[in-house]
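In what follows, a single structure is set out as structure tokens and then discussed.
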Amino acid sequence: MIEGGKEFDQMVYVRLIEACNLHCEHCFIPNNPKRMQWSDIEAIPQRVRQFATPGQVLLFQFHGGEPTLVGVEFLRRVCVYLTSELSEFSVRFSIQTNLITFDLIWAELYREFFGNQVGISWDPGIRLMRKGRPESNADFELVFWKHVVELQQLGISPYMVITTTKPLLERFKNPRDLIDFLLDKGIRLVHFERLTKTGYAIKNWDWLGVSNREYSTWIGRFAVAYMRFVREVRAGLQPLNISPLDGLID
């Protein structure tokens, strides 16, 4: 989701690094130190020109692992290089981060190249600061929400991605509770992601996984609650937008 309805012609995923500073019980990319080298970055323009047409809007989506682990100067260099080398296109950038490394230096980069919007990942109970230590989720929550507040105070909009896991469904049995939780945290843009039985989710599926029936039942109930919420605020500025439900409602 790009705020303001801005569109793109081509989305290009760039997995900068597969290392991560968290140990999430559902991650589909096993944590390893593999990362893109500068020669890999230099190969991107030629590959893009194989499928993109000059004049199109290109959205480069930086992922990992945790993409900020490549360092702020490396990522700035990537942004400058791609913007310069693909000058016949309109180049935009987005990123998905767990926000653990956030500071004022990252905020400057997000203002410069990311349109004051940052994709952030949050899930209840399953993001651990230390592997095999469920209690370290509390440490993650403390750092994460502190940085969300700092992000917002600096005028940068978080776009939150939430995975539909069993802990999420159990914590927010009443879907309106999740809507109120997000509003209380100042979150305006949200996307629900479907959990797949891959990576670490395979061994944790018994307590983490959601069947098709469970997912459909919960997301259906959530959609009803969300539509009621949308009708409540339709007269004014809608303070929360949720993908993919906005598109389905339209």
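The values are calculated or read from the model by the stated rules, or taken from the named source; none is laboratory data. What you see is a predicted model, and the numbers here were worked out from it, not measured in a lab. Ideal geometry is used to build each Cβ from the backbone, glycine not excepted, and the neighbour counts take in all protein chains shown. Heavy atoms of the whole protein, side chains included, go into the accessibility calculation; ligands, DNA and RNA do not. Shrake-Rupley method; radii C 1.70, N 1.55, O 1.52, S 1.80 Å.
Being polar (S, T, N, Q) and closer than 21 Å to Phe172 by Cα is the filter here; which residues of segment 109-142 pass it? Ser121, Asn137, listed by residue number. Just one of the numbered conditions (1) farther than 25 Å from Pro134 by Cα; (2) over 22 Å from the mean Cα position of the chain (by Cα); (3) small (Gly, Ala, Ser) is not true of Ala223: (2).
Rundown of residues vs (1) among the acidic types (Asp, Glu); (2) in a helix (DSSP H, G or I), yes/no style:
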site: Leu168; (1), (2): no, yes
site: Lys173; (1), (2): no, no
site: Asp177; (1), (2): yes, yes
site: Glu193; (1), (2): yes, no
site: Ala225; (1), (2): no, yes
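Highlighted here are the helices (runs of 4 or more DSSP H) found entirely within segment 1-90 that include at least 1 residues which are at pLDDT 95 or above, aromatic (Phe, Trp, Tyr) and open to solvent by 40 Å² or more (accessible area, probe 1.4 Å): 38-42, 72-85.
From Asp139, Asp103, Asp123, grab the single residue that is in contact with a Cys (Cβ under 8 Å, 6 or more places away or on another chain), of a type outside the set (A, V, I, L, M, F, W, C) and more than 17 Å from Tyr226 (Cα to Cα). Reasoning before the result, please.
Details: Asp139 fails: in contact with a Cys (Cβ under 8 Å, 6 or more places away or on another chain); Asp103 fails: in contact with a Cys (Cβ under 8 Å, 6 or more places away or on another chain).
Asp123 is the lone residue from the list that is in contact with a Cys (Cβ under 8 Å, 6 or more places away or on another chain), of a type outside the set (A, V, I, L, M, F, W, C) and more than 17 Å from Tyr226 (Cα to Cα).
Counting the residues of segment 64-101 that are within 14 Å of the chain's Cα centre (by Cα) and aromatic (Phe, Trp, Tyr) gives 1. Residue check: Lys166 meets all listed conditions (1) buried (at least 18 other Cβ atoms within 10 Å of the Cβ); (2) closer than 26 Å to Pro244 by Cβ; (3) out of contact with any Gly (no Cβ under 7 Å at 6 or more places or on another chain) but one, namely (3). When segment 191-240 is filtered for residues that are out of contact with any Gly (no Cβ under 8 Å at 6 or more places or on another chain), hydrophobic (A, V, I, L, M, F, W, C) and touching a residue at least 60 places away in the same chain (Cβ under 8 Å), the ones remaining, listed by number, are Leu208, Leu240.
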